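Peer 1: Sharing a structure, written as structure tokens. Questions coming.
The values are calculated or read from the model by the stated rules, or taken from the named source; none is laboratory data. Fair warning: this is a prediction, and the values are worked out from it, not measured in the lab. When we count neighbours, we look across all protein chains shown, and the Cβ atoms used for this are built from the backbone with ideal geometry, even at glycine.
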Amino acid sequence: MANADLLKELRIEKHQREDHGQGTGRWPWIVGGILGLLVLAGLGGWLLLGKRAVEVQTAQAQSAASSAAAGAVLQATGYVTARRQATVSAQITGTLTEVLIEEGDHVKKGQIVARLDDAQYKAALDAARTQAAAAHALVAQYQAQLAQNQRDAVREETLAAKGLVPQQDAEQARTLVDTTRAQLVSQQRTAASDDAQVVEAQVNFDYCVIRAPFDGVITTKDAQIGEIISPFSAGGGFTRTGVGTIVDMDSLEVDVDVNEAYIGRVKPDMPAEAILDAYPDWKIPAHVIAIVPAADRGKATVKVRVALEHKDARIVPDMGVRVSFLEQKQAQPSVQAPQGVLVPASAIAQRDGHAVVFVLRDDTVQQRTVAPAGSGQGELRLLPAGVEAGDTVVVSPPAELKDGMRVALPAKPKE
């Protein structure tokens, strides 16, 4: 019963419906307001869509001068290496008392780079010299004794011939001469041995002075004063095996790894062009020295030695380098490399009858009018002006893309 009473209360009587019918004039205003809100919402959405970032693909403009590898049959990467370098060490074990080099120093062949404590070796040298001197003094003594014995033997033989002395005395005199002569020869051998000991002691003493083996530049300094240095490695890391490393900068060349599938294109004495990663606009004339007759099984490459025809202080070991192997030497110095930049042909679009490219600046694009040159490399086109090397250009720009519009790069796929 309670639910029936509630339903009766909710029922609208006839007179109540007639009274409310008098307010129907407000409905057009309500409908108009709703339509107005829909129009405003549509306009706002259209404005937001107009400022929505357009997703585009991009590429980087390349310098035409650095990209024009005219005549190149193959390109490979490698590193600058020194054919002549050495770790300067000592021939003996000793304690460093002087280290006369620093990284970057230029040294000449025979220049002193370090000294070892030589007290022990100097004492050994002095002892050897003293012993040799004593040996030579004994040789002189035996020589004098031999001369005297020889005179005595002649005298005894003369007296024996006259019958004044027994023949036995003459024989004993001759025996004494032979004995003294043998002693002299033995002592001469001993003196020669002592002389050799002096030479050995002198060599060891000279080893206390460490000298540069050839002209070059010090690239590393590996030991300090007070450290023990030895030509033999010792456990524990308390003994150094070298004072420093010296590199002959005139022996610098390039080692590149060429894919074995293309090694047939490379020949000895073949002209080449090297470009250091540190100086991408500097082209260094080069040529192939040799193809190392061994392949790297893991990388499927063959090492090629390339000589740099111009040496410069900017070239240092272990620099990265890109080598272009040329088909023939460019014997036309009057032909200049093309000026400008190279961009993909698809980056050039037509707007209002003009060729344009869109250059990315932050998150917007700038429309630039260009005049493509007739030459190019494959899918690239040369732009003499309007775009600089390193600029990021839009590839295949959409028809709706305009100057100043916001763009976005496609999201990278998640790994």
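Peer 1: Scan segment 289-314 residue by residue and report those that are aliphatic (A, V, I, L, M) and farther than 19 Å from ASP250 by Cβ.
Peer 2: ILE291, VAL292, ALA294, ALA295, ALA300, VAL302, VAL304, listed by residue number.
Peer 1: Here's something else I'd like to know. Considering only residues of segment 160-177 that are more than 22 Å from THR190 (Cα to Cα) and either outside any helix (DSSP H, G or I) or β-branched (Val, Ile, Thr) (or both), which is modelled with the highest pLDDT?
Peer 2: First pass over segment 160-177, keeping only residues more than 22 Å from THR190 (Cα to Cα): 160-175.
Those still in the list that are either outside any helix (DSSP H, G or I) or β-branched (Val, Ile, Thr) (or both) too: 162-166, 175.
On the way: LYS162: 88, GLY163: 86, LEU164: 89, VAL165: 87, PRO166: 91, THR175: 95.
Among them, the one singled out is THR175.
Peer 1: While we're on this one: Which ones in segment 287-312 are more than 14 Å from THR81 (Cα to Cα) and either small (Gly, Ala, Ser) or in contact with a Ser or Thr (Cβ under 8 Å, 6 or more places away or on another chain) (or both)?
Peer 2: ALA290, ALA294, ALA295, GLY298, ALA300
Peer 1: In segment 275-360, which strands (runs of 3 or more DSSP E) lie fully inside it and hold 3 or more residues that are at pLDDT 85 or above and closer than 30 Å to ILE218 by Cβ?
Peer 2: Fully inside segment 275-360 and qualifying: 283-296, 301-308, 320-326.
Peer 1: Something else about it: Is it true that VAL203 is among the β-branched types (Val, Ile, Thr), modelled with pLDDT of 95 or more and over 23 Å from the mean Cα position of the chain (by Cα)?
Peer 2: no
Peer 1: Another question, then. Quick one: in segment 228-249, of everything that is at pLDDT 90 or above and of a type outside the set (A, V, I, L, M, F, W, C), which residue is nearest to VAL304 (Cα to Cα)?
Peer 2: My answer is ASP248.
Peer 1: Now for a different question. Hey, ASP269 hits all of (1) buried (at least 18 other Cβ atoms within 10 Å of the Cβ); (2) on the phi > 0 side of the Ramachandran plot; (3) not β-branched (Val, Ile, Thr) but one; which does it fall short on?
Peer 2: Only one criterion is unmet by ASP269, namely (1).
Peer 1: Which is in a loop (DSSP other than H, G, I, E, B) and touching a strand residue (DSSP E or B) at 6+ places or on another chain (Cβ under 6 Å), of ALA272, ALA223, ALA261?
Peer 2: Result of the check over ALA272, ALA223, ALA261: ALA223.
Peer 1: Is it the case, given these coordinates, that ALA192 is buried (at least 19 other Cβ atoms within 10 Å of the Cβ), outside any loop (DSSP other than H, G, I, E, B) and not β-branched (Val, Ile, Thr)?
Peer 2: no
Peer 1: Regarding LEU184, is this residue in contact with a Lys or Arg (Cβ under 6 Å, 6 or more places away or on another chain) and either surrounded by 13 or more Cβ atoms within 10 Å (Cβ to Cβ) or not acidic (Asp, Glu) (or both)?
Peer 2: For LEU184, the condition - in contact with a Lys or Arg (Cβ under 6 Å, 6 or more places away or on another chain) and either surrounded by 13 or more Cβ atoms within 10 Å (Cβ to Cβ) or not acidic (Asp, Glu) (or both) - is not met.
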